[in-house]
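Inspection log for the structure reproduced underneath, given as structure tokens.
Readers should treat all values here as calculations from the given coordinates under stated rules, not as data from a laboratory. Nothing here was measured: the structure is a model prediction, and the numbers come from that model. Neighbour counts are summed over all protein chains in view; Cβ atoms, including those assigned to glycine, are modelled from backbone coordinates with ideal geometry.
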Amino acid sequence: MITATNTMSQLQKQLDTIGHNLANIDTNGYKKRQVNFSELLSQQFNNQPVNAQEDGRVTPNGIRIGVGARLGHTNMMMTQGAIKTTDRELDIAFTKENQFLQVLVDEDGVQVPRFTRDGALYLSPANDGTNRVSLVTSGGNPVLDQDGEKIVFVDNFKEIKISATGELSVVPEAGMPQVFNLSVVQINKPQLLQAVGQNQFALPDLAGLGIEANEVFVSLQGVLREQVSMQQGALEQSNADLTTEMSDLMLTQRSYQFYAKSISVSDQMMGLVNGIR
């Protein structure tokens, strides 16, 4: 009963993870989570004489009794999602793995950078008494350029062009275009990223982990700019597959039911023992 109870609590966490993946099937740039289990401590009972070996047995002598399994860790799968063409000039899709846009988020009055692969961008009025607009995400967070500044320009433009290397050109009705380089980073250790909601990621306490920031991500500037790969007029879809998630959901539910049934049977057996007494 203890073994079943321990495992059921961990299977519930797996169900939560699968439910999270299913809820984000249609989220742009979403990266699915996958759980891995590990065995809890087990006990060894030596019920045979030392050096005794049964014919045909390939495992060590004795009996090992475990106490269930636990959720070891949750991995974020960084595989590329499908590209959906939208023909909208403010939609961009990364065509390489581990590349993220850098955006600015207000947390308790403090402006902090965040990372996202959601390429559905919009224009928001600058609210400074001028006719300027700011490039923002669907959640209203400003998109940064490679210098860490907000991308702001006047709204009397003819079109917006975004190159494969992340160069944004605002073409006016007359005159020279205004050019910005989108802030794109390459994440070298994506498993260190922490999901903070709104399809965004933050860095953990790197000082506490003893890790330098340049070990986790690299800003693609200068000669590294050629490594940026994105497509205008398209969006990257979630890499969570509905068929796979539903299959995993059914298997996890069956496992949960099996352990629940084992608790019920154990309770019945204990009732029989008490009745015999």
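Below, the figures for the structure above:
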| quantity | calculated |
| --- | --- |
| Range in the chain, longest, excluding exposed GluC sites (Glu not before Pro) [loop by DSSP; at most 15 other beta-carbon atoms within 10 Å] | 213-277 |
| Relative exposure of Arg117, Arg33, Arg254, Arg132, judged by other C-beta atoms within 10 Å (fewest first) | Arg254, Arg132, Arg33, Arg117 |
| Candidate values [x] 1.17; [y] 0.99; [z] 0.97, label of the one derived for Rg/Rh (Cα atoms, Kirkwood Rh) | [x] |
| Cβ charges +1 (Lys, Arg) and -1 (Asp, Glu), total dipole of the stretch 83-236, debye | 300 debye |
| Ranked list, fewest to most other Cβ atoms within 10 Å of each Cβ, for Leu11, Leu249, Leu101 | Leu249, Leu11, Leu101 |
| Reach of Lys150 by Cα under 22 Å, taken over lysines that are not fewer than 8 positions away in the same chain | Lys158, Lys161 |
| Total formal charge among the other residues, if their Cβ is under 12 angstrom from that of Leu101, Lys/Arg +1 and Asp/Glu -1 | -1 |
| Additional length obtainable on full extension of the chain from Gln191 to Thr95, 0.36 nm per residue less Cα span | 32.6 nm |
| Acute angle (nearest 10 degrees) that the helix 242-276 long axis makes with the longest principal axis of the chain, alpha-carbon atoms | 30 degrees |
| Candidate lysines - alpha carbon under 22 Å from Lys261, same-chain residues fewer than 8 apart omitted | Lys13 |
| For His73, His20, order by how many other beta-carbon atoms lie within 10 Å, fewest first | His73, His20 |
| Degrees, to the nearest 10: 2-23 long Cα axis against longest axis of the chain | 20 degrees |
| Inter-label distance, nm, simple model (7 Å from Cα along the C-beta direction), Thr27/Thr244 | 1.7 nm |
| Mean residue ellipticity (222 nm) of the chain, computed from DSSP H runs ≥ 4 via -39,500 (n - 2.57), nearest 500 | -8000 deg cm²/dmol |
| Mean projected area in nm² (Cα convex hull; one quarter of hull surface) for the stretch 1-126 | 14.9 nm² |
| For the stretch 83-236, alpha-carbon Rg relative to the globular expectation (2.2 N^0.38 Å, N residues) | 1.05 |
| Residue of Thr74, Thr244, Thr27 that the Gaussian network model of the chain assigns the largest fluctuation, springs spanning Cα pairs under 10 Å | Thr244 |
